[in-house]
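Read the structure below first, then the notes.
Laboratory data are not the source of any read-out in this text; all were calculated from the coordinates shown. All figures in this text were calculated on a predicted structure; none of them were measured in a lab. Note that we place each Cβ from the backbone using ideal geometry, even for glycine, and neighbour counts take in every protein chain shown.
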Amino acid sequence: MEEKRQHLCLTQNKFLHHWCCTLLISFLAILPSTLSFNYGKALSKSLLYFESQRSGRLPYNQRVTWRHHSGLSDGLEQGVDLVGGYYDAGDNVKFGLPMAFTITMLSWGVIEYGDEIAGAGEYTHALEAIKWGTDYFIKAHTHPNILWAQVGDGDSDHYCWQRPEDMTTSRQAYKIDERNPRFGRSRRDGSGNGLFEFGDKYRGKYDESVRVVKGYYPSVSGFKDELLWEALWLYKATDKEDYLRYALQNANEFGGITWSMNEFSWDVKFAGLQVIASMLLVEEKHRKMESKLVLEQYRSKAEHYLCSCLNKNNTSNVNRTLGGLLYVRQWNNMQYVSNAAFLLTVYSDHLRVSNQRLRCDRGKMGPEEVLAFAKSQVDCILGAYPMATIYLVGYGASYPQRMHHRGGSIDSYRVNEGFIGCTQGYDDWFHRKEPNPNVIIRAVVGGPDQMDEFSDDRKNFMQTEACTYSTTSLVGVLSKLHGLEED
Ligand SMILES: *[C@@H]1O[C@H](CO)[C@@H](O)[C@H](O)[C@H]1NC(C)=O
Ligand SMILES: *[C@@H]1O[C@H](CO)[C@@H](O)[C@H](O)[C@H]1NC(C)=O
Ligand SMILES: *[C@@H]1O[C@H](CO)[C@@H](O)[C@H](O)[C@H]1NC(C)=O
């Protein structure tokens, strides 16, 4: 049984096709409806998730109508307008760094797969989802050297179980400035707003400058990956040599060409920036300059990450569950899966257009094989799994019904405008056995443990909470897979 489970997620992988046919047949009887996936359907509502997570004054064209205005006085005490942005997950705090990553990854998806997203009719929705984030960050950047990095705090928020529309918890805002430094995001407009310069000049760790974030989003990798990540994005956005030079000159000191990664996340961004840097080599101008050697070192590290996802390194690979899902850690593992699927998908396109293969210890991998593996991971999310659980909410029939999500688990404001207090939410809603009244469509939940076990229980936040920084990467990957079906 275990041997069979090991490869179920990989049934779409051509490479393994001959081993898997027998498995497929033996499983068809058990899982008749789970073996074909509708990427278009999965994609079609994917941006709704971001509407569910909106904070602020909701616009007239809000499609997720069970939500209502919230957080309308955010920033008021501090004399700044911090209304808007996104709640990060199942609570009502606005955490700057994960939010920035969410917006950057959604933007990257649109940059790579804009045509496919447009083909599926989701382009405007995607831009709106990005703008909801960037509008907020522009407001939060009130001075060249001030960025408001958080509203609310985990401790007081988690003490209550309340709809965002009812919040009575602290909405204290926290800023980073010269004394509490740390830049907060990659800006795509490159308009010289000074945020990168501020972050570079006043260096500091996210959870040391914004101390209240420590118990919730401690930064393991520090700020050096973000400085490289931001420099590379600014280079792509502006074409200004200075940014590239920064990423080349600091590549060694900041770990860009020394860290061999096995994960890519809102915190640990090395694998992502290594992929971005290595793809610059397709352009002639980067192969000529003094940049070539350093970019090749970046590429070697990018290859390490990708090969280790593909289980093609001789000594160090990303672990997998018995069913074949990439497994990094038990708390919200799906974020690592969707982020890996994104980098693998983008890199497979890069290999195809540049006519290359990925060089791993255990052989070279062509673009088709790399994409097939990314697809297998998406298929796992969509229910190609030993337990046939669907981890994308609102897709198919057997998705989780008891997400760890405050707004989702309480009757909506639309249904019940009466105030629901801090602990009343726990008493009347959190501890119920019944399914959540509101479905958080297209949220990706935390997912199963290493044994593929998943328990659909609201208290089980490691598995049933979704976060914005998982679904965000899936948008691009789904549009790529959907685009292939259309061809
Ligand atoms: C495989 O992993 C080891 C250990 O991290 C590393 O030294 C080696 O370079 C990797 N091989 C490739 C091809 O990335
Ligand atoms: C894989 O899992 C083992 C056992 O839990 C752990 O020791 C190891 O560090 C993991 N490998 C990676 C690359 O995460
Ligand atoms: C990886 O392992 C295989 C089989 O043991 C061996 O033939 C190959 O040379 C190794 N590759 C590297 C780069 O170490």
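Computed from the Cβ-Cβ distance with R0 of 30 Å, the FRET efficiency linking residue 285 to residue 316 stands at 0.35. State, to one decimal in nm, how far the label point of residue 401 lies from the label point of residue 449, with both points 7 Å from Cα in the Cβ direction. The two pseudo-label positions are separated by 2.3 nm. Other residues within the sphere of radius under 14 Å centred on the Cβ of residue 77, judged by their own Cβ, net out at -1 (K and R +1, D and E -1).
Between residue 320 and 327, the built amide H atoms are under 5 Å apart, and every one of these is 5 or more places off in sequence or on another chain.
Toward the positive end of the charge dipole of the chain, with +1 on the Cβ of Lys and Arg and -1 on the Cβ of Asp and Glu, the farthest Cα among 322, 391, 306 is that of 306.
Rounded to the nearest whole Hz, the Karplus-based 3J(HN,Hα) values (6.51 cos²θ - 1.76 cosθ + 1.60, θ = phi - 60°) of segment 150-165 follow the sequence 6, 10, x, 9, x, 4, 6, 5, 6, 5, 10, 10, 9, 5, x, 5, with x at glycine and proline.
Taking amide H atoms as placed 1.01 Å from N in the peptide plane, the amide H of residue 148 lies under 5 Å from those of 141, 142, 176, each 5 or more residues away in sequence or on another chain.
Let me check against my output: what whole-number percent is the relative contact order of segment 24-486, with C-alpha pairs under 8 Å and at least 6 apart?
Rounded, it is 20 percent for segment 24-486.
What separates the Cα centres of segment 188-247 and segment 424-487 is a distance of 29 Å. 3J(HN,Hα) along segment 316-321: 9, 10, 5, 5, 10, 6 Hz, from the Karplus curve 6.51 cos²θ - 1.76 cosθ + 1.60 with θ = phi - 60°, whole Hz, x for Gly and Pro.
Hydropathy first: keep DSSP H helices in the chain averaging at least 0.0 on Kyte-Doolittle, then drop any whose Cα extent along the axis falls short of 15 Å, and list what survives.
Span-like helices here: 17-28, 96-119, 334-353, 367-381, 468-486.
In the chain, the calculated helix contribution to ellipticity at 222 nm averages -13000 deg cm²/dmol per residue, counting -39,500 (n - 2.57) for every DSSP H run with n ≥ 4. If the chain linking residue 300 and residue 457 were pulled fully straight, counting 0.36 nm for each residue of separation and taking away their Cα-Cα distance, it would gain 52.3 nm. Here the extension length gained between residue 431 and residue 241 equals 62.8 nm, from 0.36 nm per residue of separation less the Cα-Cα distance. For the pair residue 214 and residue 172 in one chain, pulling the backbone fully straight at 0.36 nm per residue adds 13.5 nm over the alpha carbon distance. Ordering 483, 348, 455 by the projection of their Cα atoms onto the charge dipole of the chain, which places +1 on the Cβ of Lys and Arg and -1 on the Cβ of Asp and Glu, puts 348 at the extreme positive end. What is the calculated FRET efficiency for residue 331 to residue 356, with r their C-beta to C-beta distance and R₀ = 25 Å, to the nearest 0.05? According to the calculation, E is roughly 0.10. Summarising the amide proton neighbourhood of residue 465: residues at separation of 5 or more, or on other chains, whose placed amide H is nearer than 5 Å comprise 404, 446.
The magnitude of the dipole of the chain, with charges of +1 and -1 set on the Cβ of Lys/Arg and Asp/Glu and taken from the Cα centre, is near 620 debye.
Work out the length of the dipole vector of segment 290-399 about its Cα centre, built from +1 on the beta-carbon of each Lys and Arg and -1 on the beta-carbon of each Asp and Glu, and round it to the nearest 20 debye.
Details: 12 positive and 8 negative charges, 41 e Å.
So the dipole magnitude of segment 290-399 works out to roughly 200 debye.
Candidates 440, 282, 466 compared by Cα position along the dipole of the chain: farthest toward the positive end lies 282, with charges placed on Cβ.
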